[in-house]
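Undergrad: Have a look at the structure that comes next, please.
The values are calculated or read from the model by the stated rules, or taken from the named source; none is laboratory data. This is a predicted model, so every value here is computed, not measured. In this analysis, Cβ positions are derived from the backbone assuming ideal geometry, glycine residues included, and neighbour counts consider all displayed protein chains. We work out accessible area using only protein heavy atoms, side chains counted, and drop any ligands, DNA or RNA first. Shrake-Rupley method; radii C 1.70, N 1.55, O 1.52, S 1.80 Å.
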Amino acid sequence: MQILAAPQELSEQCLDWLAGGRTVALVPTMGYYHAGHEDLMRHARGIAERLVVSLFVNPAQFGPGEDLDAYPRDAGRDAAVAEACGADVLFMPKADAMYAPYHGTWVDAPDMAKKLCGRSRPLHFRGVCTVVLKLFLLSRANVAVFGNKDWQQQAIIRRMARDLNVPIRIETRPIVREADGLALSSRNVYLTPEERAQAPEICRGLSYAREMVNCGEKDATLLRKAVLGRWAERLPLGRLDYIEIVHPETLEPVSRVDSPALMACAVRLGKARLIDNILLFP
Ligand code: PAF
């Protein structure tokens with residue numbers, strides 16, 4: 001596995017592969033790998049002849065007061081994991097290589113970026129779209145793989161790629177969870193033992209809503225209320241950012257689950273802001 005830091009080197013390497021008829025997969029990451037990242041990499045390894053993994057804690061997607069400086073980092077371990085998962089290149093640029101002095105061109109994220117997480121993180125998806133488009137352009141990958149834990153992110157990236165005619169296929173992978181249901185996240189390290197003990201209630205609340213739907217309940221307000229009621233009892237340390245039921249592609253709120261819908265939430269637990277989601281099928 002090569003470790004590259006210069007965008008130009010990544011571009012040259014990928015052009016070389018593509019000129020030789022190789023297909024390229026890209027897995028964009030911010031590092032501090034867990035089994036969810038490993039799943040993305042192993043999947044990507046199986047669908048293309050060359051695998052590029054990028055590891056870049058993108059300052060542009062963090063707002064003021066967010067955890068950019070505290071974001072967990074372990075480049076040495078991450079490199080070993082990426083290599084074990086079959087990466088051909090681990091791209092680890094410095095911030096000033098991705099954002100040169102006077103950088104001022106941004107991808108204007110689609111309106112769906114204002115919903116869900118976008119309400120409390122107004123410039124987050126502008127930063128995500130900008131860095132992801134840079135990675136698409138540098139790698140010219142045939143396919144990119146993202147996780148469904150950040151459902152809104154993958155929906156926005158699909159829309160961006162479609163709107164800007166980026167010739168790339170987007171694939172997504174299911175959420176990887178701990179045995180007790182907590183969605184794996186690099187940010188789970190922020191949880192104290194007490195918070196960690198309550199954190200699986202996030203997923204249990206969503207699963208409870210799914211059971212209600214399976215039993216015939218379709219009213220989005222009632223489903224939301226049921227989850228909030230459960231959390232009030234079992235997740236007292238949690239502070240709700242949002243919980244919504246939306247159309248899985250447009251992210252528009254739905255009032256009834258008459259067709260497949262997504263229940264998505266963000267909950268703050270101590271220093272961590274945890275997101276999770278579940279698909280509801282009527
Ligand atoms: O999901 C992430 O880790 C990041 O948002 C991404 C896609 C790597 C862009 O920085």
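Undergrad: Checking the conditions here, which among ALA70, ALA87, ALA75 is under 25 Å from GLN152 (Cα atoms), in contact (Cβ under 8 Å) with a residue 24 or more places away in the chain and not acidic (Asp, Glu)?
TA: Values: ALA87 fails: under 25 Å from GLN152 (Cα atoms); ALA75 fails: under 25 Å from GLN152 (Cα atoms).
Selected residue: ALA70, the only one of ALA70, ALA87, ALA75 that is under 25 Å from GLN152 (Cα atoms), in contact (Cβ under 8 Å) with a residue 24 or more places away in the chain and not acidic (Asp, Glu).
Undergrad: OK, next. Looking only at residues in region 139-166 that are touching a Ser or Thr at 6+ places or on another chain (Cβ under 6 Å) and open to solvent by less than 30 Å² (accessible area, probe 1.4 Å), which one is farthest from the ligand (Cβ to nearest atom)?
TA: Only one residue tops the list, namely ASN148.
Undergrad: Checking ASN142 against (1) touching a residue at least 40 places away in the same chain (Cβ under 8 Å); (2) over 27 Å from ARG22 (Cα atoms), which test does it fail?
TA: Only one criterion in (1) touching a residue at least 40 places away in the same chain (Cβ under 8 Å); (2) over 27 Å from ARG22 (Cα atoms) is unmet by ASN142, namely (2).
Undergrad: How many of the residues in region 4-13 are hydrophobic (A, V, I, L, M, F, W, C) and exposed (fewer than 15 other Cβ atoms within 10 Å of the Cβ)? Talk me through it step by step, then tell me what you get.
TA: Here is the first cut: in region 4-13, the residues hydrophobic (A, V, I, L, M, F, W, C) are 4-6, 10.
Then drop every residue that is not exposed (fewer than 15 other Cβ atoms within 10 Å of the Cβ), which leaves 5-6.
Of the residues in region 4-13, 2 are hydrophobic (A, V, I, L, M, F, W, C) and exposed (fewer than 15 other Cβ atoms within 10 Å of the Cβ).
Undergrad: Away from the ligand (no atom under 16 Å from the Cβ) and open to solvent by less than 30 Å² (accessible area, probe 1.4 Å), is that true of CYS215?
TA: Working: away from the ligand (no atom under 16 Å from the Cβ): yes; open to solvent by less than 30 Å² (accessible area, probe 1.4 Å): no.
For CYS215, the condition - away from the ligand (no atom under 16 Å from the Cβ) and open to solvent by less than 30 Å² (accessible area, probe 1.4 Å) - is not met.
Undergrad: Can you name the number of the only condition in (1) outside any loop (DSSP other than H, G, I, E, B); (2) open to solvent by 30 Å² or more (accessible area, probe 1.4 Å); (3) touching a helix residue (DSSP H, G or I) at 6+ places or on another chain (Cβ under 6 Å) that ASP16 fails?
TA: (3)
Undergrad: Select from region 178-206 the residues that are hydrophobic (A, V, I, L, M, F, W, C) and either open to solvent by less than 70 Å² (accessible area, probe 1.4 Å) or part of a helix (DSSP H, G or I) (or both) and list them in ascending order. Even if it seems obvious, please write down each step before you answer.
TA: Filtering region 178-206 down to residues hydrophobic (A, V, I, L, M, F, W, C) leaves 179, 182-184, 189, 191, 197, 199, 202-203, 206.
Across region 178-206, the qualifying residues are LEU182, ALA183, LEU184, VAL189, LEU191, ALA197, ALA199, ILE202, CYS203, LEU206.
Undergrad: So, of the residues in region 118-131 that are more than 20 Å from ILE175 (Cα to Cα) and among the β-branched types (Val, Ile, Thr), which turns out to be farthest from the ligand (Cβ to nearest atom)?
TA: Result: THR130.
Undergrad: Right, next: For region 131-142, give me each residue that is closer than 15 Å to ASN165 by Cα and in contact with a helix residue (DSSP H, G or I) (Cβ under 6 Å, 6 or more places away or on another chain).
TA: VAL132, ARG140
Undergrad: Still on this structure: May I ask you to list the residues in region 27-36 that are farther than 10 Å from ASP78 by Cα, near the ligand (Cβ under 9 Å from one of its atoms) and either open to solvent by less than 20 Å² (accessible area, probe 1.4 Å) or in a helix (DSSP H, G or I) (or both)?
TA: VAL27, THR29, listed by residue number.
Undergrad: Pairs under 8 Å by beta carbon, first residue closer than 16 Å to GLU249 by Cβ and free of Cβ contacts under 8 Å to residues at least 60 places away in the same chain in region 147-170, partner surrounded by fewer than 21 Cβ atoms within 10 Å (Cβ to Cβ) and of a type in the set (Gly, Ala, Ser), six or more apart or different chains?
TA: Every condition considered, the pairs that remain are ILE170/ALA161.
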